Structures are given as C-alpha cells and as structure tokens.
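Let me begin by presenting the structure, written as structure tokens, before commenting on it.
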Amino acid sequence: MFDFSIVTQWFDGLLRNTLGLGDFWAILIECVLVGVLILVGYALLAIVLIFMERKVCAYFQCRLGPMRVGPWGIFQVFADVVKMLIKEIFFVDKADKFLYAVAPLLVIIASVGTFSFLPWNRGAEVLDFNVGIFLITAISSIGVLGVFLAGWGSNNKYSVVSAMRAAVQMISYEMSLCLCLIAAVVMIGSMQVSEIVNFQTGPWNWLIFKGHIPAIIAFVVFLIAGNAEANRGPFDMAEAESELTAGHHTEYSGMGFGFFYLAEFLNLFIIAGIATTVFLGGWAPVNIGVEVFDNVMNYIPGIVWFLGKAFAVVWLLMWVKWTFPRLRIDQILKLEWKYLMPLSLINLVLMTVVVALGLYIK
C-alpha cells in the first residue's frame, strides 16, 4: 500500500531545503495548497453526487434522468452551476440581514471542516488530531446553528417552521451518532483517524468483522442516524416541499442557496466517509488471509478503496431515500428517542463488555 506521506515529505523538503524557504513561508504555502485541494475535491465530489442522485432517482422511478446536455446528461450539473453563479443575490425585506448572510457560511464551514478529517489514503490525512472523532462531532454540530439561523433570519413563517424541525431533528439524532462513534472508540482505543484505520488493516480486520454483533448494530444505527442528520429522505420533513416550499432556504438565491445545496450533498458523502473510516476499514484493502489474493488487493491504491466503499454507502442511502415514504416529524423523533437512542446505549454497554472480556475477534 502506497504511503502518501512520502510525497508530502518530499514537497516539504523541496520548499525548505531546495528553495531555502523558512518555516513560515513553507508552512503557509503548504496550508494554502492543502486548502485549495480540499475545496477542489469538495466541489468535484458535489458535482458527482448531484449527477449520481439524479440518475439513481431516475432509475428507481423508471426514468432516464438528465439526457440532453452532453452525453448521458453529464454536463447538466455544470449548466446548473453556471446558472447558480450568475443568479441575482437578494436580501429579504424585514429580514435580519446579519443572520441571513451568516447562516449559509456557517453551514458550508461546518461541512468543509468535517470533510477535511476524512482519511483518503495512508499518509493522506489532512487533519489528524488525537481527538479527531471528538472534533468531527463538534465541528459538524455548527451546521445546526446555520440551519436554525437561516430560518429565523429569513423572516418567513415556512422557513421558521422548517428551521425548528431541522434543529430538533439534527440535535436529536446527534445523540445516536455520537453513541455509535463512542462504541467504536471503545473497541479501537483511539479517537485519532489514522489510528482507527490502522487498527483495521489485515485479514478480516474491519470493525464490523472484529466487533461482530455490537459493531454491526452500531454501523446500522449510524447509517440511520446519519441519514437523518443530513436531512435526507425519508427524514426530510424539514424540507417537505408540499408543506414548506423549500424549507429553511426558501428565501435564498444564487450562491446563498448554493451553499445549502452543496452542504446537503456533501454531508451525505461525509456520513458515508465516516462510516467507511470507522466501520469499513477506510482506505484499508480487503484482505482475507490468502497471500496471493491479499497481495493483489494491496496493489490497489488506498484512495480507490476509500472512494469505492464510501460511494457504495452513498448508493445505499440514496436507495433508502427513493424507496421509503417521508416520515412525519413525530415519527422521526419517536424513532430516535424511543428506539435508536436506547438501542445505542445498550449497544455501548454491550461493546464495553465485549472489549473488557476480550470476546472480539483478534
């Protein structure tokens, strides 16, 4: 498996030794380059996910989806991006202009910040702190504030109702998300993203295999709660078009709306990426203990494994969205507080017992 830290160390040596730059300029150039790469990757993944969403939706509805702009409609998303960039950005009368303007920024900052923690390959972890899982949950929760401020600052009754629904839903399902991640941390013994993936390298070492029943329960609950956290169907009551027009971003246009739109799709990928990292081995290849097979699998780059697993989870979540009908808000909250959260608490105790007694697969 290729270690990307070789490239980063070479580039750092190029700046410091070959070009003779000091620490300040070397670190500044590296940070700017990493930031640009993150934003480019964020934008490209958004384009892929939007096109994928339309095609998956069309498949489940026995349609073809976008077909006119470019071969198989692949340029339709680019046309939509151009249209969004040139649309007029307006401010609503009697709205709180500060809250109205800052809300989409909070949503996109939370999304990009969480996105930066995803480990793409060995040695390609952008943010790799020893409390990485804690920071992921902390930064992602900023998005709740952005959604609520968007509804409150818009001075629109539909937006306010949507924001209240979204805030209650997202805060509620964060409980189950965190409990599932805590259960995984109990098993792994570290909150550092790179250590979590390194723990799962080797034959049958993915967490859902090593932790068996409690790990599988945590994985399933995490996907359900993550779907709700991202306001995806069937948990999209906060954006129910038949009741609330466009939800909390009804009064937004141009890139104000675009930030909410991008964050919604990338949050889907972020949930899939975290699930891949914590439960499915991240960039670790499929190893089954057969030397010839494992050697072949190890030649496949880690980023291919990570993207393959993450998009498989994304496709599963899209399948769920376009299969099940939208839940009512009382059903959404009942599912969390009466079923998922108690199950997550019991599962956390079960995982602790499994680890304490050494009952996991070694």
(message) Quick check on the stretch 16-26: of everything there that is surrounded by 11 or more Cβ atoms within 10 Å (Cβ to Cβ) and over 33 Å from the mean Cα position of the chain (by Cα), which residue is nearest to Asn121 (Cα to Cα)?
(response) Arg16
(request) Return a yes/no flag: does the stretch 325-334 have any residue that is at pLDDT below 95, part of a helix (DSSP H, G or I), open to solvent by less than 30 Å² (accessible area, probe 1.4 Å) and among the hydrophobic types (A, V, I, L, M, F, W, C). (result) yes
(message) Can you say whether Ala215 is over 14 Å from Thr276 (Cα atoms), open to solvent by less than 30 Å² (accessible area, probe 1.4 Å) and of a type in the set (A, V, I, L, M, F, W, C), as far as the supplied structure shows?
(response) no
(message) Six or more apart or on different chains, Cβ atoms under 8 Å: show the pairs whose first residue is in the stretch 151-167 and closer than 16 Å to Glu229 by Cβ and modelled with pLDDT of 85 or more and whose second is assigned to a helix (DSSP H, G or I) and open to solvent by 90 Å² or more (accessible area, probe 1.4 Å).
(response) Ala163/Trp152
(request) Would you check if Leu149 is closer than 19 Å to Val168 by Cα, open to solvent by 40 Å² or more (accessible area, probe 1.4 Å) and in contact with a Leu (Cβ under 8 Å, 6 or more places away or on another chain)? (result) no
(request) Keeping to the stretch 282-300, report how many residues are in a loop (DSSP other than H, G, I, E, B) and out of contact with any Ser or Thr (no Cβ under 7 Å at 6 or more places or on another chain). (result) 8
(message) Considering only the stretch 1-15, I want to know if a residue exists there that is open to solvent by 80 Å² or more (accessible area, probe 1.4 Å), free of Cβ contacts under 8 Å to residues at least 40 places away in the same chain, out of contact with any Ser or Thr (no Cβ under 6 Å at 6 or more places or on another chain) and of a type outside the set (A, V, I, L, M).
(response) yes
(request) Please work out if Ile303 is assigned to a helix (DSSP H, G or I), β-branched (Val, Ile, Thr) and in contact (Cβ under 8 Å) with a residue 12 or more places away in the chain. (result) yes
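Mind telling me which of the residues Phe78, Phe90, Phe51 ends up being exposed (fewer than 14 other Cβ atoms within 10 Å of the Cβ) and part of a helix (DSSP H, G or I)?
Numbers: Phe90 fails: part of a helix (DSSP H, G or I); Phe51 fails: exposed (fewer than 14 other Cβ atoms within 10 Å of the Cβ).
Of Phe78, Phe90, Phe51, the one residue that is exposed (fewer than 14 other Cβ atoms within 10 Å of the Cβ) and part of a helix (DSSP H, G or I) is Phe78.
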(message) I need every pair where a residue in the stretch 46-75 that is farther than 22 Å from Ile108 by Cα has its Cβ under 7 Å from the Cβ of a residue that is of a type in the set (Ser, Thr, Tyr) and open to solvent by 60 Å² or more (accessible area, probe 1.4 Å), sequence separation at least 6 or different chains.
(response) Phe60/Thr323
(message) Looking at Phe115 and the list (1) in contact (Cβ under 8 Å) with a residue 12 or more places away in the chain; (2) among the aromatic types (Phe, Trp, Tyr); (3) within 29 Å of Ser154 (Cα to Cα); (4) open to solvent by 80 Å² or more (accessible area, probe 1.4 Å), which single condition is not satisfied?
(response) (4)
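If the requirement is being buried (at least 18 other Cβ atoms within 10 Å of the Cβ), at pLDDT below 95 and either hydroxyl-bearing (Ser, Thr, Tyr) or in contact with a Leu (Cβ under 6 Å, 6 or more places away or on another chain) (or both), which of these qualifies: Ser190, Ser194?
Working: Ser190 fails: buried (at least 18 other Cβ atoms within 10 Å of the Cβ).
Among Ser190, Ser194, only Ser194 is buried (at least 18 other Cβ atoms within 10 Å of the Cβ), at pLDDT below 95 and either hydroxyl-bearing (Ser, Thr, Tyr) or in contact with a Leu (Cβ under 6 Å, 6 or more places away or on another chain) (or both).
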(request) Please work out which one of (1) outside any helix (DSSP H, G or I); (2) surrounded by fewer than 16 Cβ atoms within 10 Å (Cβ to Cβ) is the condition Trp72 fails and give its number. (result) (1)
(request) Starting from the stretch 287-300, keep only residues that are of a type outside the set (Phe, Trp, Tyr), then list their pairs with residues that are in a loop (DSSP other than H, G, I, E, B) and open to solvent by less than 50 Å² (accessible area, probe 1.4 Å) whose Cβ atoms are within a distance under 7 Å, requiring at least 6 positions of separation or different chains. (result) Asn287/Gly202; Asp294/Asn287; Met297/Pro285; Met297/Val286; Met297/Asn287; Asn298/Pro285; Ile300/Pro285
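With a cut-off of at least 2 residues that are closer than 20 Å to Ile109 by Cα and of a type in the set (Phe, Trp, Tyr), name the helices (runs of 4 or more DSSP H) lying wholly within the stretch 130-246.
On the way: elements: 132-140, 142-153, 157-188, 193-199, 207-210, 212-229, 241-244.
Fully inside the stretch 130-246 and qualifying: 142-153.
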(request) List the number of the failed condition for Tyr173; all other conditions in (1) crowded, with 24+ Cβ neighbours inside 10 Å; (2) more than 30 Å from Leu350 (Cβ to Cβ); (3) within 19 Å of the chain's Cα centre (by Cα) hold. (result) (2)
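Can you tell me which of Cys62, Cys31 is open to solvent by 70 Å² or more (accessible area, probe 1.4 Å), at pLDDT 90 or above, more than 16 Å from the chain's Cα centre (by Cα) and at negative phi? Steps first, please.
Numbers: Cys62 fails: at negative phi.
Exactly one residue qualifies, and that residue is Cys31.
Matching residues to (1) loosely packed, with under 15 Cβ neighbours inside 10 Å; (2) over 15 Å from Ala215 (Cβ atoms):
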{"site": "Ile303", "(1), (2)": "no, yes"}
{"site": "Phe306", "(1), (2)": "no, yes"}
{"site": "Lys309", "(1), (2)": "no, yes"}
{"site": "Val313", "(1), (2)": "no, yes"}
{"site": "Leu316", "(1), (2)": "yes, yes"}
{"site": "Glu336", "(1), (2)": "no, yes"}
{"site": "Ile346", "(1), (2)": "yes, no"}
{"site": "Val349", "(1), (2)": "yes, no"}
{"site": "Val354", "(1), (2)": "no, no"}
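The values are calculated or read from the model by the stated rules, or taken from the named source; none is laboratory data. Keep in mind that what you see is a predicted model, and the values were worked out from it rather than measured. Reconstructed Cβ throughout: ideal geometry from the backbone, glycine too, with neighbour counts over all protein chains shown. Remember, those area values only see protein heavy atoms, side chains included, never the ligands or the DNA or RNA. Shrake-Rupley method; radii C 1.70, N 1.55, O 1.52, S 1.80 Å.
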